[in-house]
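Report on the following structure.
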Amino acid sequence: MTPGAKVLQYETFINEVLKIDLQKVLEQRDAMYEKIAQYLQLKNTIKSIQETDTKELKTEVDLGCNFYVQAHVPDASKIYVAVGYGFFVEFTHAEALKFIEKKTNQLTEYTEVLTKDAAKIKANIRMVLEGLRELQGLKDLPEDRRREVF
């Protein structure tokens, strides 16, 4: 295989595999950061309810597509928390805070794994790019010298 063909093969690998993998990992990590932010917002809301010792609550609920309606919650001592896969669990405030703490720790650990995965993919891209530079340097060698290298 000629150095030119190898260069093309490496460029294709970078563009069709490594860069796409990197984009997917970064999108997953961003989604996890968004979930963490939502849990932290819920945590702040619960603490606010606890501090004001509110028994009932008036709020706005997003029905979708930024269409809000007013809602009246007669007993704010318990809340429903989405725990995944479309399931909701009724928690007291203390239980919800404990769940949120565990969930955010779990999500944070997962974002760290995704960050490491992204770093590995970036390292692989750098390694392939370095290989490309070497191959392009070989292109400048005479034909008999190239055969010695391969």
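The values are calculated or read from the model by the stated rules, or taken from the named source; none is laboratory data. Remember, it's a predicted structure, so these values are computed and weren't measured experimentally. As a convention, Cβ positions derive from the backbone with ideal geometry for all residues, glycine included, and neighbour counts pool all protein chains shown. Quick note on the areas: whole protein, heavy atoms, side chains included, nothing else; ligands and nucleic acids left out. Shrake-Rupley method; radii C 1.70, N 1.55, O 1.52, S 1.80 Å.
Assorted remarks:
- Residues being loosely packed, with under 14 Cβ neighbours inside 10 Å and within 24 Å of Val25 (Cβ to Cβ) are represented in the range 83-92 by at least one member.
- When the residues of the range 46-66 are filtered to those that are outside any loop (DSSP other than H, G, I, E, B) and not charged (D, E, K, R), the one that is nearest to Ile100 (Cα to Cα) is Ile46.
- Just one of the numbered conditions (1) outside any strand (DSSP E or B); (2) under 25 Å from the mean Cα position of the chain (by Cα); (3) of a type in the set (Gly, Ala, Ser) is not true of Ala5: (2).
- So Gln50, is it touching a residue at least 24 places away in the same chain (Cβ under 8 Å), under 30 Å from Glu11 (Cα atoms), over 25 Å from the mean Cα position of the chain (by Cα) and open to solvent by 70 Å² or more (accessible area, probe 1.4 Å): no
- Set side by side, the residues Glu27, Glu109 differ, and just one is within 30 Å of Leu132 (Cα to Cα), out of contact with any strand residue (DSSP E or B) (no Cβ under 8 Å at 6 or more places or on another chain) and either charged (D, E, K, R) or surrounded by fewer than 12 Cβ atoms within 10 Å (Cβ to Cβ) (or both), which is Glu27.
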